[in-house]
Amino acid sequence: MQKSARKINTIWPPLTGVARVAVAIGLFALVSACTQNPNDADIDPERQLRALQEVSKKQARGQRVWCVPYARNLSGIEIRGNAKDWWGKAHNIYQRGNEPVVGAVMSFRATRGMPLGHVAVVSDVVTEREVVVNHANWHRNKVSLKMGVKDVSKNNDWTRVRVESHPGRYGSFYPVNGFIYPKDDG
């Protein structure tokens, strides 16, 4: 069964003062409204708000926004270090696999253009070969929300993907380790 999703691509802008608070409150309301169907899995809206507030604080202090702390705050997966090391560090601590699940961290392998790797959090599973992710620093020092990712691997196993860099435009091919699943709080 194919699930359709309306994609909204947003880049969290560097804001200051009252504007930042107003946007955060509006975002919380939007995220909360998107979670009204109890049958749909979704990222915890409070966790999303906290992750975006942390980004906003860093930007206000002139600090760089990186994918690792954002993914850690959004997913609850407590791994530290470069994104390229997350897959190995998750072994025996978190379950890993090749099936996308909302809330899981997609672990990108290091490449020449991305030597530290990358991590992104799955926010929606559209089809067996397409997901939507939220991630930081895909666009320098910004958070990208609701960005599409397509599985283009030969064996349909999420080992090679294309990421939507701009609405409707998918960029280069990237190697992926797989998905790291958050621990069940129940």
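The values are calculated or read from the model by the stated rules, or taken from the named source; none is laboratory data. What you are looking at is a predicted structure, and each value in this text was computed from that prediction instead of being measured. Using ideal geometry, Cβ is built from the backbone for each residue, glycine included, and neighbour counts are taken over all protein chains shown.
Things worth noting here:
- Matching residues, the range 162-183, being free of Cβ contacts under 8 Å to residues at least 24 places away in the same chain and hydrophobic (A, V, I, L, M, F, W, C): 173
- Applying the condition of being in contact with a helix residue (DSSP H, G or I) (Cβ under 8 Å, 6 or more places away or on another chain) and at negative phi to the range 86-104 and asking which residue is surrounded by the most Cβ atoms within 10 Å (Cβ to Cβ) yields 86.
Let's see how each residue does on (1) within 22 Å of residue 107 (Cβ to Cβ); (2) touching a Pro at 6+ places or on another chain (Cβ under 8 Å); (3) modelled with pLDDT under 95:
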site: 7; (1), (2), (3): no, yes, yes
site: 28; (1), (2), (3): no, yes, yes
site: 45; (1), (2), (3): no, no, yes
site: 64; (1), (2), (3): yes, no, yes
site: 70; (1), (2), (3): yes, no, no
site: 74; (1), (2), (3): yes, no, no
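- Residue match in the range 76-83 (condition: of a type in the set (Asp, Glu), in a helix (DSSP H, G or I) and either touching a Pro at 6+ places or on another chain (Cβ under 7 Å) or at pLDDT 95 or above (or both)): no
- Top-ranked residue in the range 157-183 [being among the hydroxyl-bearing types (Ser, Thr, Tyr) and closer than 23 Å to residue 79 by Cα; ranked as surrounded by the fewest Cβ atoms within 10 Å (Cβ to Cβ)]: 159
- Residues in the range 146-167 that are under 13 Å from residue 132 (Cβ atoms) and not acidic (Asp, Glu): 8 in all.
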